[in-house]
Amino acid sequence: MEVIVAKNAEELGSIVANVIVQLLGRMERPTLGLATGSSPQPVYDELVRRHRAGAISFANTTACLLDEYLDLPPEHPQLYRTFIRRVFVDQIDLPLEQLLGPDVSGNQPETCSARYEAALKGAGGVDLQVLGIGSDGHIGFNEPSSSLASRTRVKTLTRQTREDNARFFGGEVDAVPKHAVTQGIGTILEARHLVLVARGAGKAKAIAQAIEGPLTAMVPASALQLHPHATVVIDPEAASGLQLLDYYEQAFRGKPPWEPI
Ligand code: F6R
């Protein structure tokens with residue numbers, strides 16, 4: 001696993017955007033996995049900026065969501081499909097039919113999970129998956145105790161996650177859905193490159209446990225330890241609990257040019 005400590009949100013955004021731009025340049029029809037929430041926002045902002053400057057096109061890219069809330073009305077602004085359109089997809093040239101996600105509209109979560117697994121396979125799998133991390137160590141909505149081999153399915157959100165996400169629902173915990181459809185940890189691990197981003201001291205403990213703690217279902221993000229190509233890009237506050245901080249910084253700043261992220 002490569003751990004990169006960016007100076008600030010802008011540098012974080014630019015480091016991850018560079019990796020995505022390289023992918024877009026290398027592949028004819030890349031598939032990009034998108035996380036929602038606040039952590040990847042600097043990445044999406046930077047990609048939108050480069051698109052507007054004419055430097056990149058997403059016309060041949062397929063984008064896949066990690067997860068989707070259940071129990072929200074179709075017009076709700078916090079549905080993840082709506083959220084990602086607002087903060088990213090509607091500002092670039094990615095055709096909407098190339099934005100995939102769990103289709104929760106039919107109220108049949110189990111069928112929708114299986115259909116989404118099939119859609120991911122149909123897209124040729126995910127080339128690069130952007131991930132955030134919950135303060136309880138979740139990735140996607142795989143909460144602590146999720147099977148490390150899990151596939152896309154319905155999960156119940158922890159109280160902690162609902163409290164953390166209340167800021168998107170007017171500060172009301174009770175307004176945050178109790179359930180979501182999420183790619184499983186086994187599904188996420190099939191992406192060819194995982195790029196996890198985190199910002200702020202509130203993520204420091206989860207980051208330290210995920211990177212330097214034991215592999216355990218109690219910290220779902222520790223599953224990144226199993227992946228042959230996992231990159232973690234974090235700010236100094238999120239990195240503050242890491243024991244090997246000096247080593248990670250030394251490795252990144254002294255990275256030879258032939259070794260890509
Ligand atoms: C969102 C997702 C979640 C978030 C995590 C962090 O699609 O899968 O795992 O990445 O809850 O959320 P933020 O970035 O808002 O702190």
Inset, instruction - Please tell me which of these pairs span more than 27 angstrom C-alpha to C-alpha: LYS121/LYS205; LYS121/LYS255; LYS7/LYS205; LYS178/LYS205; LYS7/LYS178? - result: LYS121/LYS205; LYS121/LYS255; LYS7/LYS178
Legend entry - Debye, to nearest 20: dipole size of region 2-253, +1 on Lys, Arg Cβ, -1 on Asp, Glu Cβ: 240
Legend entry - Derived scalar couplings ³J(HN,Hα) [region 123-130; Karplus, 6.51 cos²θ - 1.76 cosθ + 1.60; whole Hz; x for Gly, Pro]: 7, x, x, 8, 7, 9, 10, 7
Legend entry - Interchain or long-range residues, amide H under 5 Å from VAL232's placed H: GLU2, VAL3, ILE4, LEU196
Legend entry - the chain, relative contact order in percent, only Cα pairs under 8 angstrom and at least six apart counted: 24
Inset, instruction - Convert 20 °C to kelvin, take the viscosity as 1.002 mPa s, use the Kirkwood radius over C-alpha pairs of the chain as Rh, and evaluate the Stokes-Einstein diffusion coefficient in µm²/s, rounded to a whole number. - result: 116
Legend entry - Within-15-Å neighbourhood charge of HIS227 [Cβ basis; K, R +1; D, E -1]: -2
Inset, instruction - Using R₀ = 25 Å, calculate the FRET efficiency as 1/(1 + (r/R₀)^6) where r is the Cβ-Cβ separation of ASP71 and LEU215; round to 0.05. - result: 0.20
Legend entry - Sulfur and carbon atoms: percent of accessible area, region 2-253 [1.4 Å]: 52
Inset, instruction - Find the accessible area per residue for region 65-126; the probe is 1.4 Å, ligands and nucleic acids are left out, and the unit is Å². - result: 48
Inset, instruction - Please work out the Cα convex hull volume for region 166-257 and give it in Å³ per residue. - result: 135
Legend entry - Local electrostatic count at GLY213 - Lys and Arg +1, Asp and Glu -1, tallied over other residues with Cβ under 15 Å: 0
Inset, instruction - First select every other residue whose beta carbon is under 14 angstrom from the beta carbon of GLN98; then total the charges, Lys and Arg +1, Asp and Glu -1. - result: -2
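The values are calculated or read from the model by the stated rules, or taken from the named source; none is laboratory data. Predicted model only: the values in this text are computed from it and were never measured. Note that each Cβ is placed from the backbone with ideal geometry, even for glycine, and that neighbours are counted across all protein chains shown. We work out accessible area using only protein heavy atoms, side chains counted, and drop any ligands, DNA or RNA first. Shrake-Rupley method; radii C 1.70, N 1.55, O 1.52, S 1.80 Å.
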